[in-house]
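Right, one structure below, let's go through it.
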Amino acid sequence: MIKIIDKQLLDDVSVKAKDSPRLRMNFNFHQSLDEKCHRFLNAVEPGTEVPIHKHPTKDETFVILRGKVRVTTHNDDGSIIDDIILCPEEGRYGVNIPKGVWHKLECIEENSVIFECKEGPFVEHEVDGILNVEKK
(Lines give C-alpha, C1' and ligand atoms only; values in the text may rest on other atoms or scores of the structure.)
Protein backbone atom coordinates (compact mmCIF):
# COMPACT_ATOMS: atom_id res chain seq x y z
CA MET A 1 0.00 0.00 0.00
CA ILE A 2 1.36 3.44 -0.88
CA LYS A 3 1.68 6.24 1.67
CA ILE A 4 0.83 9.71 0.41
CA ILE A 5 3.02 12.52 1.71
CA ASP A 6 0.46 15.31 2.05
CA LYS A 7 -0.31 18.28 4.29
CA GLN A 8 -2.26 16.09 6.72
CA LEU A 9 0.69 13.74 7.26
CA LEU A 10 3.07 16.70 7.75
CA ASP A 11 0.62 18.30 10.21
CA ASP A 12 0.23 15.04 12.16
CA VAL A 13 3.99 14.56 12.51
CA SER A 14 4.48 18.25 13.42
CA VAL A 15 1.93 17.99 16.26
CA LYS A 16 3.85 15.00 17.64
CA ALA A 17 7.13 16.94 17.36
CA LYS A 18 5.71 19.82 19.42
CA ASP A 19 4.73 17.35 22.15
CA SER A 20 8.13 15.63 22.14
CA PRO A 21 10.80 16.64 24.69
CA ARG A 22 13.32 16.75 21.80
CA LEU A 23 10.94 18.92 19.72
CA ARG A 24 11.27 16.55 16.79
CA MET A 25 9.54 13.45 15.52
CA ASN A 26 10.25 10.94 12.78
CA PHE A 27 7.74 9.22 10.54
CA ASN A 28 9.54 6.21 9.09
CA PHE A 29 8.77 4.75 5.68
CA HIS A 30 11.20 1.89 6.27
CA GLN A 31 9.72 -1.00 8.25
CA SER A 32 12.80 -1.93 10.28
CA LEU A 33 15.99 -0.29 11.54
CA ASP A 34 17.82 -3.15 9.84
CA GLU A 35 16.67 -2.15 6.33
CA LYS A 36 19.35 -1.13 3.83
CA CYS A 37 17.74 2.25 3.08
CA HIS A 38 16.20 4.52 5.70
CA ARG A 39 13.60 6.99 4.41
CA PHE A 40 11.67 9.18 6.79
CA LEU A 41 10.07 12.50 7.55
CA ASN A 42 11.69 14.47 10.34
CA ALA A 43 9.38 17.13 11.78
CA VAL A 44 11.38 19.68 13.79
CA GLU A 45 10.46 22.70 15.87
CA PRO A 46 12.49 25.75 16.98
CA GLY A 47 14.75 24.65 19.82
CA THR A 48 15.63 21.44 17.97
CA GLU A 49 19.33 21.16 17.39
CA VAL A 50 20.89 17.94 16.19
CA PRO A 51 24.47 18.07 17.55
CA ILE A 52 27.50 18.09 15.29
CA HIS A 53 27.97 14.50 14.16
CA LYS A 54 29.09 12.41 11.22
CA HIS A 55 28.35 9.08 9.65
CA PRO A 56 31.70 7.43 8.84
CA THR A 57 30.28 5.08 6.17
CA LYS A 58 26.99 6.70 5.04
CA ASP A 59 25.95 9.65 2.91
CA GLU A 60 22.87 11.50 4.16
CA THR A 61 20.37 13.57 2.17
CA PHE A 62 17.96 16.20 3.54
CA VAL A 63 15.13 17.63 1.40
CA ILE A 64 12.94 20.30 2.99
CA LEU A 65 9.21 19.94 2.46
CA ARG A 66 8.14 23.00 4.46
CA GLY A 67 9.56 25.51 6.91
CA LYS A 68 13.15 26.55 7.37
CA VAL A 69 16.17 24.71 8.78
CA ARG A 70 19.88 25.50 8.99
CA VAL A 71 22.40 22.85 8.01
CA THR A 72 26.05 23.46 8.82
CA THR A 73 29.14 21.42 8.01
CA HIS A 74 32.22 21.57 10.22
CA ASN A 75 35.95 21.06 10.46
CA ASP A 76 37.38 18.71 13.10
CA ASP A 77 37.74 21.66 15.51
CA GLY A 78 34.02 22.51 15.15
CA SER A 79 34.52 25.61 13.00
CA ILE A 80 31.91 26.06 10.28
CA ILE A 81 32.70 25.23 6.66
CA ASP A 82 29.22 25.68 5.12
CA ASP A 83 26.11 27.36 6.56
CA ILE A 84 23.00 26.70 4.46
CA ILE A 85 19.41 27.69 5.16
CA LEU A 86 17.02 25.24 3.52
CA CYS A 87 13.74 26.93 2.59
CA PRO A 88 11.47 25.97 -0.32
CA GLU A 89 10.20 29.55 -0.70
CA GLU A 90 13.80 30.72 -1.22
CA GLY A 91 14.67 27.96 -3.69
CA ARG A 92 17.06 25.97 -1.47
CA TYR A 93 15.49 22.52 -1.25
CA GLY A 94 18.09 20.20 0.15
CA VAL A 95 21.63 19.03 0.69
CA ASN A 96 23.55 15.82 0.30
CA ILE A 97 26.18 15.31 2.97
CA PRO A 98 28.94 12.87 2.05
CA LYS A 99 30.03 10.22 4.52
CA GLY A 100 32.60 11.37 7.06
CA VAL A 101 31.54 15.04 7.01
CA TRP A 102 30.74 16.66 10.36
CA HIS A 103 27.30 18.31 10.20
CA LYS A 104 24.53 19.77 12.33
CA LEU A 105 20.87 20.60 11.79
CA GLU A 106 18.93 23.36 13.55
CA CYS A 107 15.25 24.27 13.13
CA ILE A 108 14.56 27.99 12.69
CA GLU A 109 10.85 28.00 11.79
CA GLU A 110 7.80 26.29 13.30
CA ASN A 111 6.26 23.28 11.56
CA SER A 112 9.40 22.50 9.56
CA VAL A 113 9.54 19.06 7.98
CA ILE A 114 12.41 17.48 6.07
CA PHE A 115 12.61 14.21 4.19
CA GLU A 116 15.76 12.28 5.06
CA CYS A 117 17.37 9.37 3.32
CA LYS A 118 20.47 7.43 4.32
CA GLU A 119 21.83 3.94 4.20
CA GLY A 120 20.79 1.48 6.89
CA PRO A 121 20.98 -0.32 9.14
CA PHE A 122 20.69 2.11 12.03
CA VAL A 123 23.76 2.18 14.29
CA GLU A 124 24.03 4.28 17.46
CA HIS A 125 26.72 6.94 17.18
CA GLU A 126 30.05 5.72 18.39
CA VAL A 127 32.06 7.89 20.77
CA ASP A 128 33.80 9.52 17.81
CA GLY A 129 30.48 10.00 15.95
CA ILE A 130 29.57 13.19 17.84
CA LEU A 131 31.94 16.12 17.84
CA ASN A 132 32.75 17.40 21.33
CA VAL A 133 33.54 21.09 20.97
CA GLU A 134 32.76 23.98 23.25
CA LYS A 135 30.43 26.57 21.77
CA LYS A 136 32.27 29.81 21.13
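The values are calculated or read from the model by the stated rules, or taken from the named source; none is laboratory data. This structure is a prediction, so every number in the text was calculated from the model and none was measured. Note that we place each Cβ from the backbone using ideal geometry, even for glycine, and neighbour counts take in every protein chain shown. Accessible surface areas use protein heavy atoms only, side chains included; no ligands, DNA or RNA. Shrake-Rupley method; radii C 1.70, N 1.55, O 1.52, S 1.80 Å.
What separates the Cα centres of the range 82-106 and the range 28-59 is a distance of 14 Å. Per residue, the chain reaches -3000 deg cm²/dmol at 222 nm when only DSSP H runs of four or more residues are counted, each adding -39500 (n - 2.57). Taking one quarter of the surface of the C-alpha convex hull of the range 41-112 gives a mean projected area of 4.5 nm². Computed over protein heavy atoms with a 1.4 Å probe, the accessible surface of the chain works out to 61 Å² per residue.
With the simple spin-label model, which puts each label point 7 Å out from Cα in the Cβ direction, the Asp76 to Asp6 separation comes to 5.1 nm. Placing dummy labels 7 Å off each Cα toward the beta-carbon, the span from Ser32 to Ser20 is 2.3 nm. The HN-Hα couplings worked out from phi for the range 33-49 by the Karplus form 6.51 cos²θ - 1.76 cosθ + 1.60 (θ = phi - 60°) are 5, 8, 4, 6, 10, 9, 10, 7, 8, 10, 8, 10, 10, x, x, 6, 9 Hz, whole numbers, x standing for Gly and Pro.
Computed about the Cα centre, the dipole magnitude for the chain is approximately 220 debye when only Lys and Arg (+1) and Asp and Glu (-1) carry charge, each at its Cβ.
Which of Ile84, Val63, Leu10 sits closest to the plus end of the dipole of the chain, meaning its Cα is farthest towards the positive end, when Lys and Arg get +1 and Asp and Glu get -1 on the C-beta? Selected residue: Leu10.
How large is log10 I(q)/I(0) at q = 0.10, 0.17 Å⁻¹ when the Debye formula is applied to the Cα atoms of the chain, each weighted equally and without solvent? Debye intensities relative to I(0), on a log10 scale: -0.32, -0.96. As a fraction of the 1.4 Å probe accessible area of the chain, surface on carbon and sulfur atoms comes out at 53 percent.
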